[in-house]
Each structure stands twice: as C-alpha cells, then as structure tokens.
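The values are calculated or read from the model by the stated rules, or taken from the named source; none is laboratory data. Because the structure is predicted, anything quoted here is derived from the model rather than measured. Positions of Cβ are generated from backbone atoms using ideal geometry, with glycine treated the same way; all protein chains shown enter the neighbour counts. Accessible surface areas use protein heavy atoms only, side chains included; no ligands, DNA or RNA. Shrake-Rupley method; radii C 1.70, N 1.55, O 1.52, S 1.80 Å.
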Amino acid sequence: MKKNKTYLFFFCFVFLSTSLCAQYCDTLSFQKIYWNQGIHNAHPRNVSINSSGDLFIIGTTESAINKSDDIWVLKTTPGGNVRWSKCFGLQKDETLNGLRTTGDGGFLVTGSTKSVSTFEQGWIAKTDTDANVQWSIALGAQYSSLAAIVQLNDGGYAAAGTLYTDFSGDSSGNITDVRKSANIILRLDKNGNLVWFRSFRFSNKEGLKTVSQMRDGSLLTTGSSSDLKAGYILKLDKNNGNIIWMNGYTKYNQYAFPRASEQPDGTIHLHVGNRTFFLTADGKYFEARQIELNSRTLSLSDVQVVDAGHISTNTEMYEANLYPRHSPILFAVQDDSVVVWAHQYQQTPDNLQRLINGRIYNNNIYVAGEYITNNLSDNAAGEDLTYLVKANADGSTLCSDTFNVSFKIDVINPPADMITYAPTNEGSLHPFFVSPYTEILSANMRDDCAIQNCCKPVNRDTSVTLCSGAIYKLPPNDSVVRTSGTYSFSYPKFGGCNSVVNYKVNFTKLFTVSLGDDTCLINNQPVTFLMPKDSAVYKWQNGSTTNTFTAGFPGKYWVTATSSCNISSDTVNVNAFCSLPVFIPSAFTPNNDGLNDIFKPAKLNGQRLISLSVYNRYGNKIFFSENAGNGWDGTLNGKPQPTGTYIYTIFYFDLGGVVRSIKGTVVLIR
C-alpha cells in the first residue's frame, strides 16, 4: 500500500525587498494621463473620493483575458499617485451607466452585459472598497439596461432604467429597430435579492435615467420619451413603486438626460441641459433659469451641461463639453445667477475631448476626462485614455486658461404646471445572480501639467513570502492577512505629499511530492520518475539526491522531499507484470449498516476505472458510473431494487495503459 506523509515546519521564510520607484511628486494642482499596460482604451465615467482623500476613477476598459469591455477602477492618492488598477466583468462586453458609493465604502455599478444572452441585459454589481465584487445580478429580461442606482436608508437599493418590450435585432446582438420600451424601477435588499419591481410607460419609447431617495424615504426619478419629445420627473412610493406625483416638460432635444436633486429647504432642482427648473416639494414648477454664452460660434443650447456638485452652500460647479468646436470648460455658478469662474485645460487642448465628472475635497477640485492619443500606450490610432485634473478651489491649474467667452444667465418661463400621463404597465423581469471575474492591471501615469509641492513622496514595494497556514500582520495597522495579495497603504508626509507602500504578500503552498499510482515494467522496460526541479531537495531510497530516478527492477521505491516550508515523502510499487487482478465482491447488502452497502471494485492495484455498468435480469441498464469512488447502492431512481442476481461489466486501464474488461454477476441481499 502506498503511503504519503507530510511534515510541516513551524517556521517561515520572509524575504523583504524594498525598491524606490520613480519619484512621483505630489502636487498642489495637476493634469495627468492614465492608461493600463498593454490594454487599448480606458474610458472614465465617474470619480469618487473617500474620507481619506483617495480617488477612485471608475469606467470601462478592455479585458486582458478575452478583450471584452469590463468595468474598470483606478485608485490613486490625493496627489494622483497610482495605488492599484483592476477590472471586473463577465465573458462579454459590459457597459457602465451609473455609479454610487455605499455606506461601507464600496461601489454600486449599473449598466448592461451581453454575457448572459444575445442582447444586452441590465446588470448590477456591488463591490467592496477595493473593487472586489461581493454580488452581481442580471435582470433576466431579453433586452434591458439600467441607468442609475441608489443605496436606500434601510441598507437596500433602488435601480432605474429601461426595458425594451418590442424590438428587432440581428444574430450578433445589435438592435436594428426599437418599437416599444418601458420605464423600469426595482428595489433590492442589501444582498441583491429582488424585493419588488415596476414596469410602466406613458408612450412607446421611453426609460428612466436617474433615481435618488428623498428625506421622507420616497424615490425621486427622472426619465424621457423620444415619442413625446419630452422628459418627466416622478416621485414614487419606496414600498411598491407606485407614482405619488409626476410632472413633465416638452422640447425634447438635449433634455434626454435630466438630473434631479432635493434641496435642504425641500424644493427640487431639475437640471436639463443648460437649464435648471425649480420645483416645489409636491412637484410644481415655480421658476427656471438658462445658462448661455455670449458667442456666435459656441452655444450651450445643444450640449449636455453637467452639474458636478456643490463647491459651497451657494455655489455649484458645472461641466460643458463643446468638442469638436472647442475644448471642454469647467465653470462655477453662484446663487443661480452669476458665473464666478470658468476654465479650459490647455496643455493638450486638441486631445482632451470631454470632462466626465467632478468632486470637491479639502478645497481642491478633481475632474476626470477622456483623452485621445495616437501613440501613448500601444501605438494604436485614436486610443481613448483617462485624464485627471486636480485644480484649486477656483478651478485653476498651472496650465488652465480662463475661459474668455462671457456667460449670461437668463430667467425663463418654467414648463406648464403638472403635466401628467396615465401609465401603462408592461414587461417583466426575472433577476438572477451571476459571478464576474477580476483582473489586476498595471497602470501607467504621465504628468501633463503639474505645480510641484515642496516634498518628495516615495513609492515603495515590500515583498513578504510565507508558508501556507501562517499569518502576517500588516505593519501600518496590525491587521491580519491569510491570503496572497497586494495590500496598499498611503502615508501623508509633511507638506501634503502622499507616499504609497505596497505590501506584496505571497503564501507559498506546502510542497507535496507524488510518485503517482503503482506501476509496472511495461515490456520489461525501466520506469523513470521525474520530480519538479528546484522545488525541493530530494533523497531516494538508495541515497540519490537528483530530481529523477529510474527503476529497472520490480520492488518498492520511495523519496523524501525537503522544501522551504515542509518535508513530504511518498512510496510507489513497481510490479513485474502490468495485468494485476481487480478484486470485485460477489454480493453486497445495502441496509445502511455501514458494512458492504455499496457495490464497486473492492481494490484497484494502480489500475484506472473507465466505467462500471449494472444490468437487471431483463438486460436494462440500471446503474452507470465513470468514477471509481461511486458504486451502486441497490436503487433505481431512488427506489430499492429487489433481492436477486445482477450482471455487471467493468472497463479499466491496466498498469501499462491497456484497456481491459471484466463481466460477472453480483447478488443483492436484503
């Protein structure tokens, strides 16, 4: 009988290697370009900042595994120094439409995936703060997409989007014609399980664009209809999705992507293109303003002006993307009536196509953008990379220019009061959980423009190798890790710089030596055993210390392997003849007493089972297995078979790899 033994060493080897990387200097302001090594395109869609000032740029990028579009997260220090880059997704393309941070520091992403059907299905993924996916669901509808999601005050979530109920598409999943689409809103518990959903429409082609929760717990959503050339805002009951009130507006145009927010005084701001509508708490319009440019060549009337957040209690920041007529502009509006500053970022004006989103942290402004180049990361033409601007409180950097076209803010008439429609319910969802993969990417960075600070932060890598089963305490906070990975920490330094230390922890698996199954001298030829080179120090039964050993005679052979973490040994029998007997019982008693309850070969002397079949007296096959560990328990479809004689056939490989068979009978005794 072969025996395998392993002795664990109760010590480990730790290798520390500290290297100083390029001396990235944190900056008072900067403009930086990011891309992932060997991967074409990195499209930013949003920016998030945690309580420590770390930045998360979220978008999509190409998977290195299957070249599909995946969700991408890049984490940097407040100074733009890369901490890590990773992506996650399913087997085919994913799109990212909405992003929200969660109370535990993680992320919610919404969009669609083509990985579960021919056409896109709405998709939601919940991650932790390191972008590790905790759960994700697909909607189960034939064609759908989710535009936005929000975490509710009970810890659950609400998501909004579009369900296509009547459309045409080709075999590649491309939609050629949409005849009907509906609004969808669904509520999930904190683990992603469906609580309820609603699907409704007012016309033939429409969908919801945003969702947020109001202070009274109800849901505030916005949507648009291409049939009616209009948009709408709705207040919904959080318990069932029923409409509490709605209002709308016409002149569709750029109003396809409205954004609504409840204000501290209970009123509602509805941003639509370059217009802001003001509504009462019960959804009635009372005022409106429109931002315009005093220019004959540039206009904000047909571009998406994005509300990027509050700079102060009375000042909001906006982005306007005027490409290709003009580079993007970032501007601030005070008291809804005056533009207090406006900038364009001119280091590479022809390459910065658009600004994506902005965040304010410690009187600094962070804005992501999309940058196009022909030869930066992989020498490909028209490559989309990520741009990040860190500006001062007035939006300025070393390379920003004051926007030289003046603004005017006009008071305009609000839409007609309380536009309502009778909804038609249509469509259904069948959400189910899916499991994305995760890739670690190698991010690169280039300074496009930077005002250097007085300090020099350092990037340092510390590599730690331990034996499996050990634990490691990360020096910054003594937290215990038991799995391999890179654990990153940012250290603020005097002057405002942020140094990064990456603890690369690797747990080495215990080494197990194996000589394989018992074997034989095929045609009287010797047998050679080959062990992995440089994995351990070997010692054979005759004192040899090489990683190979040749057995020319029948007998018992053994080897002991000593690795850095443990000692392992194994024994093998080399037989003179390859056709050794297979022992098969002649009867069995399936009475669940733990003795002889299962019919199967009693012993395989190194042979490998191909199949075991059992037949009743009528010649019907009642059992089949290709696994030597699985035998017949005396039942058919869970029903006990009667006492009697049954026929079996066994096919197996002998020690020399020759296929052999055995046919016989076995008696079932009850």
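Some points to look at:
- Backbone N within the range 592-623 under 12 Å of label point (7 Å from Asp517 Cα along the Cβ vector): 603-611
- For the range 281-332, alpha-carbon Rg and Dmax in angstrom: 13.4, 41
- Given Lys67/Lys126; Lys86/Lys180; Lys126/Lys390; Lys32/Lys284; Lys92/Lys209; Lys86/Lys390, the pairs whose alpha carbons are separated by over 32 Å: Lys86/Lys180; Lys32/Lys284
- Descending principal axes extents, the range 91-193, alpha-carbon based, whole Å: 42, 27, 19
- Over the Cα atoms of the range 594-636, the radius of gyration divided by the Kirkwood radius equals 0.98; this is the Rg/Rh ratio.
- Bridges between two residues of the chain, per DSSP, are antiparallel at a rate of about 95%.
- Placing +1 on the Cβ of every Lys and Arg and -1 on the Cβ of every Asp and Glu, with nothing else charged, gives the chain a dipole about its Cα centre of roughly 2340 debye.
- Rolling a 1.4 Å probe over the heavy atoms of the protein chains gives the chain an accessible area of 45 Å² per residue.
- Projecting the Cα atoms of Phe553, Asn542, Met531 onto the dipole axis of the range 527-670, where Lys and Arg carry +1 and Asp and Glu carry -1 at the beta carbon, places Phe553 farthest toward the positive end.
- The percentage of C-alpha pairs in the range 233-371 whose separation is greater than 21 Å is 48%.
- Under the Debye formula (equal points on every Cα, no solvent term), log10 I(q)/I(0) of the range 400-445 at q = 0.29, 0.33 Å⁻¹: -1.09, -1.23
- Entry note: the range 295-358 has Rg to Rh equal to 0.97, where both radii use alpha-carbon atoms and Rh is the Kirkwood radius.
- For the chain, the fraction of 1.4 Å probe accessible surface lying on carbon and sulfur atoms is 49 percent.
- The alpha-carbon of Lys238 sits under 19 angstrom from the alpha-carbons of these aspartates and glutamates, leaving out residues fewer than 8 places away in its chain: Asp154, Asp189, Asp216, Glu262, Asp282.
- The orientation-averaged projected area of the convex hull spanned by the Cα atoms of the chain comes to 40.4 nm².
- Shown here are the Rg and Dmax of the Cα trace of the range 212-312, at 14.4, 50 Å.
- Taking the Cα centre of the range 50-121 as origin and assigning +1 to Lys and Arg Cβ atoms and -1 to Asp and Glu Cβ atoms, the resulting dipole is close to 120 debye.
- Couplings 3J(HN,Hα) of the range 257-263, computed from phi: 10, x, 9, 10, 8, 7, 9 Hz, in residue order, whole Hz [Karplus 6.51 cos²θ - 1.76 cosθ + 1.60, θ = phi - 60°; x for Gly and Pro].
- Of the three principal axes defined by the Cα atoms of the range 509-591, the extents in descending order read 49, 39, 17 Å.
- Kirkwood Rh and Cα Rg combined as Rg over Rh, evaluated for the range 322-371: 1.00
- Pair-distance distribution P(r) for the range 526-670, from all Cα-Cα distances in 10 Å bins starting at 0: 10, 31, 22, 18, 15, 4, 0 percent.
- Shape metrics for the range 525-567, restricted to C-alpha atoms - Rg then Dmax, Å: 10.9, 36
- Quotient of the Cα radius of gyration of the range 24-114 and 2.2 N^0.38 Å, N being its number of residues: 1.11.
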